[in-house]
Amino acid sequence: MADCDQGYFCEVCREYVDVVTESDLYLRFVMGLVMPEDLMRAVERHVRCRPSLAQYVVDPNFEPVLDPDPATDKRRQPEGSVRAMESLVTRAWRRLQELPGSGLSIAEYPLPEVDPSWRDASFEGADPTLWLMKKLGIVKVHEI
Ligand SMILES: [Zn+2]
């Protein structure tokens, strides 16, 4: 996916991630969780192959994903927390679907509210889903 015409194999299912609209890497980039320079070297996977994040995509065009991990399964989270995550991740996923043919440069992919301070030092090494939930005030820092 780094080059215009070359994708990468998914680190989870080993199938090819052949369109940007299925890319977990680009979904996280749209949310400001991946730096532009990391797009070229980061490990790729399908949106569906990260259930902790994919479970928050709520759209008629996306078959719902269930997260088997009790630590991140949204069915075990407070409803208000789930709504906040669904709002952000679904918005990012919809933007991802609009990117092909949009004419936007890669620098313009991230959501408008994403700014350079969004991904701070606490992100390094953190699970992206848990980090997001912390950022949105859903889980406490020590749980990460
Ligand atoms: Zn996959």
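Computed values, structure above
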read-out	value
Cβ-Cβ under 7 Å pairs, at least 6 apart or on other chains, the stretch 28-47 side within 20 Å of Ala121 (Cβ to Cβ), far side among the basic types (Lys, Arg) and in a helix (DSSP H, G or I)	Val34/Arg28
Checking Glu79 against (1) within 16 Å of the ligand (Cβ to nearest atom); (2) exposed (fewer than 15 other Cβ atoms within 10 Å of the Cβ), the condition it does not meet	(1)
Residue in the stretch 17-26 that is part of a loop (DSSP other than H, G, I, E, B), surrounded by fewer than 16 Cβ atoms within 10 Å (Cβ to Cβ) and either touching a residue at least 12 places away in the same chain (Cβ under 8 Å) or within 16 Å of the ligand (Cβ to nearest atom) (or both) present	yes
Condition met for Pro128 (modelled with pLDDT under 85 and in contact with a helix residue (DSSP H, G or I) (Cβ under 7 Å, 6 or more places away or on another chain))	yes
Search result, residues across the stretch 84-125 that are over 17 Å from Leu136 (Cβ atoms) and part of a helix (DSSP H, G or I)	Arg94, Arg95, Leu96, Gln97, Glu98, Ile106, Ala107, Glu108, Ala121
Residue in the stretch 34-72 that is surrounded by the most Cβ atoms within 10 Å (Cβ to Cβ), counting only those that are of a type outside the set (A, V, I, L, M, F, W, C), assigned to a helix (DSSP H, G or I) and within 16 Å of the ligand (Cβ to nearest atom)	Ser52
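The values are calculated or read from the model by the stated rules, or taken from the named source; none is laboratory data. This one's a predicted model, so the numbers in the text were calculated from it and none came from an experiment. So basically every Cβ, Gly included, is an ideal-geometry build from the backbone, and we count neighbours across all protein chains shown.
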